[in-house]
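Visitor: Submitted below is the structure of interest, expressed as C-alpha cells.
Nothing in this text is a laboratory measurement; each read-out follows from the coordinates by a stated rule. These numbers come from a predicted model, not from an experiment. So basically every Cβ, Gly included, is an ideal-geometry build from the backbone, and we count neighbours across all protein chains shown.
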Amino acid sequence: MIETLQEIANDDVTLLRWGKLVTCKVLIGVGDVDFIVSIEKGRVDSLRKRALPLESGVFAIRASEVVWNEYWQKLPKRNYHDLFSMFSSGLATIDGDLTIFMQNLIYFKLLFAAPRNCLRELPSAK
C-alpha cells in the first residue's frame, strides 16, 4: 500500500496546501523493508526502497506490515487510528530529528494517512 502514497498524496489539494513549506527526506519502515520518501514543497517527489543501509531521512517511522495495513484501513481499530497512538502503544517507532515532523504535524499525519482514501479495501490486521 505504501507504493500508492506518492500518487494519492500528490492528488490531494488539501495535503499539498499544508505541506507547501515542507522539503525533506523521510524513512518509512514497513516490516523489514525501508522506503525513502522525498518531499519537495509538499509534493512526494519520489518514493523508493532504500538502496544502502547508510541512506536515511530526517526522521524515521517504522512499524510492521500488519500494523501499517491496519492503520491504512478506512476505519482503523483503536491504537491504529493515529500515529501517536501507534507510538504510545508500541506498535510503531519514530526516531531522528523530529523538529520538521512536529513543526508540520498536520501535514505528516495527513500524508501518512493518505492511503486510507484509496478505493481498494485492505484486509484487516489480525
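Visitor: Between region 41-64 and region 73-99, how far is it from one alpha carbon centroid to the other, in angstrom?
Guide: What the calculation gives is 17 Å, centre to centre.
Visitor: Along region 52-59, what does the Karplus equation 6.51 cos²θ - 1.76 cosθ + 1.60 (θ = phi - 60°) give for ³J(HN,Hα), rounded to whole Hz, x for Gly and Pro?
Guide: 10, x, 7, 5, 8, x, 4, 9
Visitor: With no solvent and one equal point scatterer per Cα, compute the Debye intensity ratio I(q)/I(0) for the chain at 0.12 Å⁻¹ and report its log10, rounded to two decimals.
Guide: Values returned for q = 0.12 Å⁻¹ are -0.40.
Visitor: In terms of Cα to Cα distance under 20 Å, which lysines are near enough to Lys25, apart from those fewer than 8 places away along the same chain?
Guide: Lys25 reaches Lys41, Lys49, Lys109.
Visitor: Using a simple spin-label model with points 7 Å from Cα along the Cα→Cβ vector, what separation in nm is obtained for Leu21 and Asn117?
Guide: My value for the distance between the label points is 2.2 nm.
Visitor: Right, next: Test of understanding: given the chain, find the longest segment containing no GluC sites (Glu not before Pro) that are in a DSSP loop and have at most 14 other Cβ atoms within 10 Å.
Guide: The longest uninterrupted stretch comes out as 56-120.
Visitor: Apply 1/(1 + (r/R0)^6) to the Cβ-Cβ distance of Val13 and Glu55, taking R0 = 30 Å, and write down the FRET efficiency to the nearest 0.05. Don't jump to the answer; show the numbers that get you there.
Guide: Details: r = 31 Å, r/R0 = 1.02.
Computed FRET efficiency for Val13 and Glu55: 0.45.
Visitor: Could I ask something else about it? Apply the Karplus parameterisation 6.51 cos²θ - 1.76 cosθ + 1.60, with θ equal to phi minus 60°, to every residue of region 18-31 and state each ³J(HN,Hα) to the nearest whole Hz, in sequence, with x for glycine and proline.
Guide: Listing the rounded values in order: 5, x, 4, 9, 9, 9, 5, 10, 10, 9, 10, x, 10, x Hz.
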